[in-house]
1. So how far apart, in nm, are the two label points at Asp302 and Phe66 if each is 7 Å from Cα heading toward Cβ?
2. State to the nearest 20 debye the size of the charge dipole of the chain about its Cα centre, where the only charges are +1 on K and R beta carbons and -1 on D and E beta carbons.
3. Stretched out fully, how many nm does the piece from Asp267 to Ala295 gain, at 0.36 nm a residue minus the Cα gap?
4. Cα centroid distance between region 217-295 and region 158-215, in Å?
5. Just how large is the dipole of region 1-157 about the Cα centre, in debye to the nearest 20, putting +1 at every Lys and Arg Cβ and -1 at every Asp and Glu Cβ?
6. Would you mind putting 26-34, 233-241 in packing order, based on average other-beta-carbon counts within 10 Å, highest first?
7. Which helices count as membrane-span-like in the chain under these terms: full DSSP H, at least 20 Å along the axis by C-alpha, Kyte-Doolittle mean of -1.0 or more?
8. Which peptide among 10-17, 159-166, 250-257 comes first, and what is the full order, when sorted by highest mean count of other Cβ atoms within 10 Å?
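The values are calculated or read from the model by the stated rules, or taken from the named source; none is laboratory data. All figures in this text were calculated on a predicted structure; none of them were measured in a lab. Don't worry about glycine lacking a Cβ; one is built from the backbone with ideal geometry, like all the others, and counts go over all protein chains shown. Protein only, heavy atoms only, side chains kept; ligands, DNA and RNA dropped before computing areas. Shrake-Rupley method; radii C 1.70, N 1.55, O 1.52, S 1.80 Å.
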Amino acid sequence: MTSIDTAAEQIVVTPPYARPRRLRRTPALRALVREQQVRIDGLVQPLFVLPGRGVHEEISSMPGIFRYSTDTVVEEVRRLAALGLRSVLLFGIPDRKDEIASSNYDPNGVVQRAAEAIKRALPEVTVIADLCNCEYTSHGHCGILKGETVDNDATLALLARVALTYARAGVDVVAPSDMMDGRVRVLRENLDAHAFEDVTIMAYSAKFASAFYGPFRDAAESAPSFGDRRSYQMDPANRREALREAALDVDEGADIIMVKPGLPYLDVLRELRDAFELPLAVYNVSGEYSMLKAAAQHGWIDEERAIDETLLAFARAGADVTITYFAAEYAARARKR
Ligand code: PBG
């Protein structure tokens, strides 16, 4: 036993038997015992597409993220593929909105055209299409309204119709983000009935009604014109309900389940990892991106380290797939390391 005299009193120090610091002594030792790493193959870059040509406009609330037209998006995906990224998630910003989101099932719609162009130029890239109606409705809600509420079952038919047009355009994965009950089953049934049994369903299973979608709604022009999304997206307080939502989606035939947003819901992510065998995705949403960017721009945070730590947190919590606006930046940096 070692003891040291201080001026004030005698302090006793029992030397520890276990010394975890032994494994932290050198970079090589730390690397040797590192438990997790971010897989570039598991990253998905979200992309915003709109009609027109030659568009490349930065989204003011999301520095470094752009809106593309169907021609420029192909060039962007080519750049992403060269960085080693293999999957993208498309969001459409149509030029025409109505009560029933009809521009969403237009075979010449913005997502359909972008998907076709990407698959033609880069067939090896996985094209995921977010499946929702809020960008396409005049009222900004995620489905068909009955009075002031979203009519669940009428919206199911709409989602199925849209999904078929995405499948015909060559989309590999449809990702319903609307939170209507029973959508996964209806999508699976309709895709199968039209010989699209290989089109994958990535379900936004536990999607919470979150303040962190703020910048996205600005980027996608999809803010609701009245009310909010609390009658269909989940209450942030609910963990057990997330398990139930995921169980329903698994039962209905989802191939991949998802938790969204990411950082505020890491506990839910871990919970779903432990409860289900399916591949698990997390969505590191726009607000999470913009907060970090803003702090970095002020010099208040080390951006690269904060990104690394964030993406590692998702891997550690159990995500196989991470949808993040940082994907391109991360992949570009990983190549240099
Ligand atoms: C569509 C949708 C949203 C997001 C993904 N799909 C917006 C919303 O639910 O309001 C958010 C993505 C992000 O914030 O990055 N419903």
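1. Inter-label distance under the simple model: 3.0 nm.
2. Working: 41 positive and 49 negative charges, 278 e Å.
Computed about the Cα centre, the dipole is about 1340 debye.
3. Once the chain is fully extended between Asp267 and Ala295, it gains 7.6 nm.
4. Using only Cα atoms, the two centres lie 15 Å from each other.
5. On the way: 19 positive and 20 negative charges, 243 e Å.
Computed about the Cα centre, the dipole is about 1160 debye.
6. Numbers: 26-34: 9.3, 233-241: 13.4.
Per-residue mean Cβ counts within 10 Å order the peptides as 233-241, 26-34.
7. 152-168, 303-317
8. 159-166, 250-257, 10-17
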